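Notes for the one structure printed next.
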Amino acid sequence: MQDEEENDSVSKKAEPKKHVWLITYTADSVNITAEMLHARGIRCNECHTVAWRESKYCLVHLSKANRLRGRQLDRAIDALGPTHGIKKSLVVGYSALYSNDKTALTSVEEHPGFKHIVYTLNHAPDQLHSWMEEGDVRTNRKGFLWRFLEAVDPREKTHSQLVAQVAEWAPKIRQHAEQQQAIESLETMIGLRTREFERMHRRYKKLKRKYAALEAGRVEAVCEKH
């Protein structure tokens with residue numbers, strides 16, 4: 001028993017507390033709400049849920065004082081199973097409860113579920129179920145999703161929004177540059193092939209004329225003999 005307590009204590013020290021979590025659960029489950037989480041001791045100040053394909057995704061944000069470890073959130077979500085029918089799900093490459101980690105290869109912002117939350121926020125906001133302790137996603141500049149809002153006029157964007165926009169555009173710009181380079185290479189190759197074809201075509205016509213002349217001479221010679 002003492003060994004288990006020591007191991008648990010070591011594990012708790014090894015696992016840092018996080019302030020952002022993305023929960024993946026089945027689409028037939030009811031929406032996870034802030035009230036459910038608060039009742040289980042998860043004192044979040046933001047809770048955003050969206051349904052997409054076979055899953056639902058709930059983005060949970062906590063203040064620095066209320067950060068928590070994965071095992072705490074895991075116990076809370078498991079407890080919602082019998083009472084609310086919440087069933088955790090998985091996306092390939094990600095755990096059901098996902099957060100930024102120094103050992104993780106990707107961040108929460110690269111998770112397909114998070115990307116769909118951002119897409120829904122900007123293109124179908126009525127399908128995003130959001131709760132915030134203060135204000136809403138479009139008025140609270142300190143909210144986690146604020147920097148992901150798409151503003152029409154760049155002058156209206158905050159620094160964090162501009163940084164997020166640059167991060168989103170950078171790979172697209174690099175991809176466009178690579179595609180443009182590939183197109184230019186193909187155009188050069190096509191130009192070379194076209195010029196080679198035209199040269200061969202001119203040679204063919206020249207040889208055809210010579211052959212026609214030789215053939216005409218041969219026919220004329222045969223006629224003279226007769």
Legend entry - Test: LYS56 is within 30 Å of HIS123 (Cβ to Cβ), surrounded by 21 or more Cβ atoms within 10 Å (Cβ to Cβ) and of a type in the set (D, E, K, R): yes
Inset, instruction - Go through (1) among the hydrophobic types (A, V, I, L, M, F, W, C); (2) modelled with pLDDT of 80 or more; (3) touching a helix residue (DSSP H, G or I) at 6+ places or on another chain (Cβ under 9 Å) one by one and return the number of the condition ALA124 breaks. - result: (3)
Inset, instruction - Would you confirm whether any residue within the range 63-74 is exposed (fewer than 14 other Cβ atoms within 10 Å of the Cβ), part of a helix (DSSP H, G or I) and free of Cβ contacts under 8 Å to residues at least 12 places away in the same chain? - result: yes
Inset, instruction - Read through the list (1) modelled with pLDDT under 85; (2) part of a helix (DSSP H, G or I); (3) within 30 Å of THR33 (Cβ to Cβ), then give the number of the only condition that GLY191 fails. - result: (3)
Legend entry - Subset of the range 29-61 that is closer than 11 Å to HIS129 by Cα and among the hydroxyl-bearing types (Ser, Thr, Tyr) - its residue that is farthest from the chain's Cα centre (by Cα): THR33
Legend entry - Test: GLU46 is assigned by TED's automatic domain parsing to the domain that holds ARG138 and either surrounded by 13 or more Cβ atoms within 10 Å (Cβ to Cβ) or of a type in the set (S, T, N, Q) (or both): yes
Legend entry - Flag for GLN175 being surrounded by 10 or more Cβ atoms within 10 Å (Cβ to Cβ) and either modelled with pLDDT under 80 or in contact with a strand residue (DSSP E or B) (Cβ under 9 Å, 6 or more places away or on another chain) (or both): yes
Legend entry - Hits in the range 20-43 - residues which are in contact (Cβ under 8 Å) with a residue 24 or more places away in the chain and either under 15 Å from VAL118 (Cβ atoms) or outside any loop (DSSP other than H, G, I, E, B) (or both): VAL20, TRP21, LEU22, ILE23, THR24, TYR25, THR26, ALA34, MET36, LEU37
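The values are calculated or read from the model by the stated rules, or taken from the named source; none is laboratory data. What you are looking at is a predicted structure, and each value in this text was computed from that prediction instead of being measured. No Cβ is skipped: glycine too gets one built from the backbone with ideal geometry, and neighbour counts run over all protein chains shown.
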